[in-house]
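Read the structure below first, then the notes.
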Amino acid sequence: MTRAAVDIAGYASLNIAGVALVADLSGALFWEEQRLLVVSDLHLEKGSSFAARGVLLPPYDTVATLDRLAGVIARHHPRMVIALGDSFHDRTAHDRLSARDRAALSAMQARRDWIWISGNHDPALPSDLGGVVAHEVAIGPIAFRHEPTGASGEIAGHLHPKARVSTRGRSMERRCFACDGERAVMPAFGAYAGGLSIRDAAFAKIFQTPVLMAHVLGDVRLHTIAASRCY
């Protein structure tokens, strides 16, 4: 694997439709010119959702996800945060947030704009979460939405891209950014969110180009590898 461009302290530079963005090792994107931080697919309260169906998971996913999000915000000091949909795992997940988690979320929203993009898991978010709710947002040449359409200038989520690669004689599977220079699909940010192989047909429909790259979240840096080399 090769390093992504400008790979410094866990960051990498991605160019999407002529806009330079910083890919953070956490799976977030930062648009420095706009002071805009983007995250996708937090899937908060997935653990409690599974528990309600009798599938017991350690109930720490929301805390872990919000703690990591707070860390990213502290690193980049954004003026605005956009969450690209499926921020909550189901339609009532926001009601199950603990008082601590609500306070943590409120602290992150203080003194900055916050936009919740509606997703297929959370299509009707309440107004008491703070911030505003939108179906999609356009800023300059970039459109932010939950489900990717393949349009140029699009940054979306929904598909939870991951890549399986071989390195130093062993196989490794990690979350990744999927990008071809014109559009991107972001990795899921949530602690319990799963993933879909970047070689899946769903990505071929969106990225109808041979230059699709996986920007893989490694242990200490992002690595760039052609999607065709993943398996």
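The values are calculated or read from the model by the stated rules, or taken from the named source; none is laboratory data. It should be emphasised that the depicted structure is a prediction, and the values quoted were computed from it without experimental measurement. A quick note on method: Cβ atoms are made from the backbone with ideal geometry, for glycine too, and the neighbour counts reach across all protein chains shown. Accessible surface is based on the protein model in full, side chains and every heavy atom, while ligands, DNA and RNA are left aside. Shrake-Rupley method; radii C 1.70, N 1.55, O 1.52, S 1.80 Å.
Answer with yes or no whether Ala138 is open to solvent by 30 Å² or more (accessible area, probe 1.4 Å), part of a strand (DSSP E or B) and farther than 22 Å from Asp67 by Cα. Write out each step before concluding.
Values: open to solvent by 30 Å² or more (accessible area, probe 1.4 Å): yes; part of a strand (DSSP E or B): yes; farther than 22 Å from Asp67 by Cα: yes.
Criteria met by Ala138.
On the basis of being open to solvent by 60 Å² or more (accessible area, probe 1.4 Å), more than 16 Å from the chain's Cα centre (by Cα) and at pLDDT below 90, does Ala4 make the cut? When the stated conditions are applied, Ala4 does not pass them. Any chance the range 93-100 includes a residue that's at pLDDT 95 or above and under 18 Å from Asp41 (Cα atoms)? Within the range 93-100 (the criterion being at pLDDT 95 or above and under 18 Å from Asp41 (Cα atoms)), the answer is no, since none of the residues qualifies. I'd like to check something: does the range 136-158 contain any residue that is among the small types (Gly, Ala, Ser), under 22 Å from Leu217 (Cβ atoms) and in contact with a Pro (Cβ under 7 Å, 6 or more places away or on another chain)? For the range 136-158, residues among the small types (Gly, Ala, Ser), under 22 Å from Leu217 (Cβ atoms) and in contact with a Pro (Cβ under 7 Å, 6 or more places away or on another chain): present. Note on the range 212-231: residues that are assigned to a loop (DSSP other than H, G, I, E, B) and either under 16 Å from the mean Cα position of the chain (by Cα) or surrounded by 15 or more Cβ atoms within 10 Å (Cβ to Cβ) (or both) amount to 4. For the range 167-193, residues that are open to solvent by 40 Å² or more (accessible area, probe 1.4 Å) and assigned to a strand (DSSP E or B) total 5. Determine if the range 150-166 includes at least one residue that is in a strand (DSSP E or B), among the small types (Gly, Ala, Ser), open to solvent by 50 Å² or more (accessible area, probe 1.4 Å) and closer than 22 Å to Ala227 by Cβ. Scanning the range 150-166 turns up at least one residue that is in a strand (DSSP E or B), among the small types (Gly, Ala, Ser), open to solvent by 50 Å² or more (accessible area, probe 1.4 Å) and closer than 22 Å to Ala227 by Cβ.
Here is the figure for the range 66-108: residues that are among the polar types (S, T, N, Q), open to solvent by less than 60 Å² (accessible area, probe 1.4 Å) and either free of Cβ contacts under 8 Å to residues at least 12 places away in the same chain or under 14 Å from Val39 (Cα atoms) (or both) total 1.
Answer yes if at least one residue in the range 52-60 is within 16 Å of Phe189 (Cα to Cα), open to solvent by 10 Å² or more (accessible area, probe 1.4 Å), in contact with a Gly (Cβ under 8 Å, 6 or more places away or on another chain) and not β-branched (Val, Ile, Thr), and no otherwise.
As a first pass, look at the range 52-60 and keep what is within 16 Å of Phe189 (Cα to Cα): 60.
Right, trim to open to solvent by 10 Å² or more (accessible area, probe 1.4 Å) and you get 60.
Now drop any that are not in contact with a Gly (Cβ under 8 Å, 6 or more places away or on another chain), which leaves 60.
From what's left, not β-branched (Val, Ile, Thr): 60.
Within the range 52-60, one or more residues are within 16 Å of Phe189 (Cα to Cα), open to solvent by 10 Å² or more (accessible area, probe 1.4 Å), in contact with a Gly (Cβ under 8 Å, 6 or more places away or on another chain) and not β-branched (Val, Ile, Thr).
When Asp128 is tested against the conditions (1) in a loop (DSSP other than H, G, I, E, B); (2) of a type outside the set (A, V, I, L, M, F, W, C); (3) surrounded by fewer than 17 Cβ atoms within 10 Å (Cβ to Cβ), the lone failure is (1).
Does Leu29 count as over 20 Å from Arg91 (Cα atoms), crowded, with 22+ Cβ neighbours inside 10 Å and in contact with a Pro (Cβ under 7 Å, 6 or more places away or on another chain)? Show your work before the answer.
Numbers: over 20 Å from Arg91 (Cα atoms): yes; crowded, with 22+ Cβ neighbours inside 10 Å: yes; in contact with a Pro (Cβ under 7 Å, 6 or more places away or on another chain): no.
No: the conditions fail for Leu29.
For the range 194-211, the tally of residues that are assigned to a loop (DSSP other than H, G, I, E, B), within 18 Å of Gly27 (Cα to Cα) and open to solvent by 10 Å² or more (accessible area, probe 1.4 Å) stands at 2.
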